[in-house]
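Input: a single structure, listed below in structure tokens.
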Amino acid sequence: MTKYGSFPGARPRRLRTTPAMRRMVAEHRLHPADLILPAFVREGIGEPVPISAMPGVVQHTRDTLRKAAVEAVDAGVAGIMLFGVPEDAKKDAAGTAGTDPDGILQVAIRDVKAEVGDDLVIMSDLCLDEYTDHGHCGVLDAGGRVDNDATLERYAEMAQVQADAGVHVVAPSGMMDGQVGVVRDALDQTGHEDVSILAYTAKYSSAFYGPFREAVGSSLKGDRKTYQQDPANLRESMRELALDLEEGADMVMVKPALPYLDVLAKVADAVDVPVAAYQISGEYAMIEAAAEKGWIDRDKAILEALTGIKRAGADMILTYWATEVARGL
């Protein structure tokens, strides 16, 4: 006893005394195999086009995309998620460039497959928003609303051409009701039983997507609130999760990541399939912008953000820093 009372017997600080001690008792660790690199490939360009709101990220040419894939493999990154950016003249109401076997995304899949084979898990965005002149994730009805079931027919076609191109994983991201089941049936009926589905299970209508729209050259006017989830809702995500699993999802995703760590944690606790989280463009841009201002330590902030996503339950993280972080790890 002292005049100030008893000294503490339990001292958690003992396990924080040195870097080696902290490393030994760390509960969660990032690994290169946790990381997936989202990459944009743009039709009709001769040089990479920088994305102004995402310093360090570009719209790739076919050649620079192949190089980025090789660099990802060399760094130990697990996968690459491909997004195609067609020429504006090829956009139309039905997004037909998205189902053209010679469309930019299908060509890019074949390019990456030829370059790295099975050394990198090749994933493809399965959605129409990059290819429609109205910028929505599906086809519109006479009233200008996204027609859910007509869009599912287009998704089935997209799944087939992406699988024919050699993709390992398709990722239906449009948040149409029944999309996973329709895509699974389309794959199975065309001899692509081994192609996996990463379901965008909880994709929220988020303000953090802003820079992404520049990245894919979006033509969107209005918003996607009638099909992407309301940020206020959590139970709805669990309902979406149950439906996706019932329809045959092999993996599930929460998007965005940091603003929805509670959703990610609940999803991870509920399932026995791999769980992904997408650290989206706005999350990337905020850290890069604050670091450029000198307000935060960039490298430490990146690792802290990714560790938080991992701690919340993500088995896989889609991040634009994937190759850089993997090299550091």
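Per residue, the accessible area of the chain comes to 46 Å², computed with a 1.4 Å probe over protein heavy atoms only. Can you work out the base-10 log of I(q)/I(0) for the chain at q = 0.15, 0.16 1/Å, using the Debye formula on its C-alpha atoms alone? For the chain at q = 0.15, 0.16 Å⁻¹, log10 I(q)/I(0) is -1.28, -1.48.
Quick one: with all protein chains in place, what share of the accessible area of the chain is carbon or sulfur, to the nearest percent (1.4 Å probe)? Don't skip to the answer; put the middle values down first.
On the way: 7620 of 15150 Å².
Roughly 50 percent, rounded to a whole number.
Residues Arg184, Arg11, sorted by accessible area with the largest first, give Arg11, Arg184 [1.4 Å probe; ligands and nucleic acids excluded]. Estimated at 0.36 nm per residue, the fully extended path between Ala20 and Ser52 surpasses their Cα-Cα distance by 7.6 nm.
When the convex hull of the C-alpha atoms of segment 206-316 is computed, what volume per residue in Å³ does it have? Before the final figure, lay out the partial values.
Details: hull volume 13.9 nm³, N = 111.
Considering the Cα atoms of segment 206-316, their hull volume per residue is 126 Å³.
Within the shell of other residues whose beta carbon sits under 13 angstrom from the beta carbon of Ala150, the net charge comes to -4, with Lys and Arg scored +1 and Asp and Glu -1.
Using 1/(1 + (r/R0)^6) with R0 = 22 angstrom and r between the beta carbons of Ala114 and Asp250, what's the FRET efficiency to the nearest 0.05?
Numbers: r = 25 Å, r/R0 = 1.12.
With R0 = 22 Å, the Cβ-Cβ based efficiency is 0.35.
Pull up the cross-link candidates among the lysines for Lys91, meaning alpha carbon to alpha carbon under 28 Å and not fewer than 8 places away within one chain. Partners found: Lys67, Lys113, Lys203, Lys221, Lys225, Lys255.
From a point 7 Å beyond the Cα of Asp74 in the direction of its Cβ, which residues of segment 17-49 have a backbone N at a distance under 18 Å? Only 32-33, 37 fall inside the zone, counting backbone N under 18 Å.
Which percent, nearest 5, of DSSP beta bridges in the chain are antiparallel? Write out the running numbers ahead of the final one.
Numbers: 4 of 38 bridges.
Antiparallel bridges make up about 10 percent of those DSSP assigns within the chain.
Taking a straight Cα-Cα cut-off under 15 Å and skipping sequence neighbours fewer than 8 places away in the same chain, the aspartates and glutamates within cross-link reach of Lys266 are Glu236, Glu240, Asp315.
Ranking Thr226, Ala159, Tyr131 by how far each Cα lies toward the positive end of the dipole of segment 128-260 (charges on Cβ) leaves Thr226 at the top.
Put simply, the amide H of Leu318, placed in the peptide plane, has neighbours under 5 Å in Ile36, Ala277, Tyr278, Gln279, leaving out anything fewer than 5 places away on its chain. Accessible area of Thr190 (1.4 Å probe, protein heavy atoms only, ligands and nucleic acids ignored): about 50 Å². Only protein heavy atoms count here; under a 1.4 Å probe, His134 has an accessible surface of about 30 Å².
Hey, what D do you get for segment 255-324 in µm²/s if you plug the Kirkwood alpha-carbon radius into Stokes-Einstein at 37 °C and 0.692 mPa s? Calculated translational D: 264 µm²/s.
Between Asn233 and Ala150, what is 0.36 nm times their sequence separation minus the Cα-Cα distance? Round to one decimal in nm.
On the way: separation 83, 0.36 × 83 = 29.88 nm, distance 2.65 nm.
This chain segment gains 27.2 nm when fully extended.
Here the label points at Asp102 and Arg311, each 7 Å from Cα along the C-beta direction, are separated by 5.2 nm in the simple model.
Using a/c under 1.5 as the rounded threshold, could you call segment 72-155 rounded, prolate or oblate? The axes a ≥ b ≥ c are square roots of the C-alpha gyration tensor eigenvalues, and prolate needs a/b larger than b/c, oblate otherwise. Taking the square roots of the gyration eigenvalues as a ≥ b ≥ c, segment 72-155 is prolate. Angle of helix 261-270 to the longest C-alpha principal axis of the chain, folded into 0 to 90 degrees and rounded to 10: 80°. Only protein heavy atoms count here; under a 1.4 Å probe, Lys90 has an accessible surface of about 90 Å².
The values are calculated or read from the model by the stated rules, or taken from the named source; none is laboratory data. As the structure is a computational prediction, the values presented were derived from the model and not from experiment. Heads up, the Cβs are rebuilt from the backbone with ideal geometry, glycines too, and the neighbour counts pull from every protein chain shown. Please note that ligands, DNA and RNA were not included when accessible areas were found on the heavy atoms of the full protein model with its side chains. Shrake-Rupley method; radii C 1.70, N 1.55, O 1.52, S 1.80 Å.
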